[in-house]
1. If you go through the stretch 34-67, how many residues are more than 16 Å from ligand 1 (Cβ to nearest atom) and either within 14 Å of the chain's Cα centre (by Cα) or of a type in the set (V, I, T) (or both)?
2. Count, please, the residues in the stretch 88-115 that happen to be closer than 22 Å to I72 by Cα and surrounded by 16 or more Cβ atoms within 10 Å (Cβ to Cβ).
3. What are the residues in the stretch 16-50 that are of a type in the set (A, V, I, L, M) and either touching a Leu at 6+ places or on another chain (Cβ under 8 Å) or open to solvent by less than 90 Å² (accessible area, probe 1.4 Å) (or both), if any?
4. Is at least one residue of the stretch 86-97 on the phi > 0 side of the Ramachandran plot and at pLDDT 95 or above?
5. In the stretch 17-103, which strands (runs of 3 or more DSSP E) lie fully inside it and hold 3 or more residues that are free of Cβ contacts under 8 Å to residues at least 40 places away in the same chain and within 16 Å of ligand 2 (Cβ to nearest atom)?
6. Could you check how many residues of the stretch 83-104 are of a type in the set (V, I, T) and more than 6 Å from ligand 1 (Cβ to nearest atom)?
7. In this structure, does D53 turn out to be on the phi < 0 side of the Ramachandran plot, modelled with pLDDT of 95 or more, surrounded by fewer than 12 Cβ atoms within 10 Å (Cβ to Cβ) and not small (G, A, S)?
Amino acid sequence: MADDCLFCKIAGGEIPAKIVYRDDEVVAFEDINPQAPCHVLIVPYRHIPTLNDAEAGDDALLGRLVLRAARIAAERGHAADGYRTVFNCNRGAGQTVFHIHLHLLAGRNLNWPPG
Ligand code: 5GP
Ligand code: ZN
């Protein structure tokens, strides 16, 4: 756990969030400022600041984030209509919380390319 990291604190239960899934490695919760009717963040407990900091040994963990997003999308009925999964990496891509997280967005038409 990193000091003063919002998502370490949410994962550790220090700061409340609407948790939708939890296992021994990842937690998923509702985004506080949703950009779509469904906007969930899937987060590893381990503090990895950005995707640039992930290593070869993290492949299973990253896969777990992606598969969990797909599972949550399916549970909410978005599998057929579609959904988007996004890692924003660093400020130029809009990353504001420097603890890796996968966005799951669904429930509306999602434009491409994104802004
Ligand atoms: P980023 O911009 O880093 O890719 O995504 C950070 C996300 O975290 C944003 O979508 C933002 O709304 C969300 N967020 C920021 N603070 C909080 C919080 O305290 N609780 C929750 N649940 N989400 C947060
Ligand atoms: Zn953290």
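The values are calculated or read from the model by the stated rules, or taken from the named source; none is laboratory data. Source: prediction; values computed, not measured. Glycine gets a Cβ as well: all are built from the backbone with ideal geometry, and neighbour counts include every protein chain shown. When the accessible area is computed, the model is the full protein with side chains, heavy atoms only, and any ligands, DNA or RNA have been set aside. Shrake-Rupley method; radii C 1.70, N 1.55, O 1.52, S 1.80 Å.
1. Start the filter on the stretch 34-67 by keeping residues that are more than 16 Å from ligand 1 (Cβ to nearest atom), which leaves 46, 55-61, 63-64, 67.
Restricting the remaining residues to those that are either within 14 Å of the chain's Cα centre (by Cα) or of a type in the set (V, I, T) (or both) gives 46, 61, 63-64, 67.
So the answer is 5.
2. Of the residues in that region, 10 qualify.
3. Residues of the stretch 16-50 that are of a type in the set (A, V, I, L, M), as a first pass: 17, 19-20, 26-28, 32, 36, 40-43, 48.
Once the filter is applied, which keeps residues that are of a type in the set (A, V, I, L, M) and either touching a Leu at 6+ places or on another chain (Cβ under 8 Å) or open to solvent by less than 90 Å² (accessible area, probe 1.4 Å) (or both), the stretch 16-50 yields A17, I19, V20, V26, V27, A28, A36, V40, L41, I42, V43, I48.
4. From the stretch 86-97, those on the phi > 0 side of the Ramachandran plot are 90, 94; that's our starting set.
With the extra rule that they be at pLDDT 95 or above, the set shrinks to 90, 94.
Looking for residues that are on the phi > 0 side of the Ramachandran plot and at pLDDT 95 or above, one finds at least one in the stretch 86-97, hence yes.
5. Values: elements: 19-22, 26-30, 38-44, 83-86.
In the stretch 17-103, no matching strands (runs of 3 or more DSSP E) lie anywhere.
6. As a first pass, look at the stretch 83-104 and keep what is of a type in the set (V, I, T): 85-86, 96-97, 100.
Those still in the list that are more than 6 Å from ligand 1 (Cβ to nearest atom) too: 85-86, 100.
Qualifying residue count, the stretch 83-104: 3.
7. Details: on the phi < 0 side of the Ramachandran plot: yes; modelled with pLDDT of 95 or more: yes; surrounded by fewer than 12 Cβ atoms within 10 Å (Cβ to Cβ): no; not small (G, A, S): yes.
In short, no.
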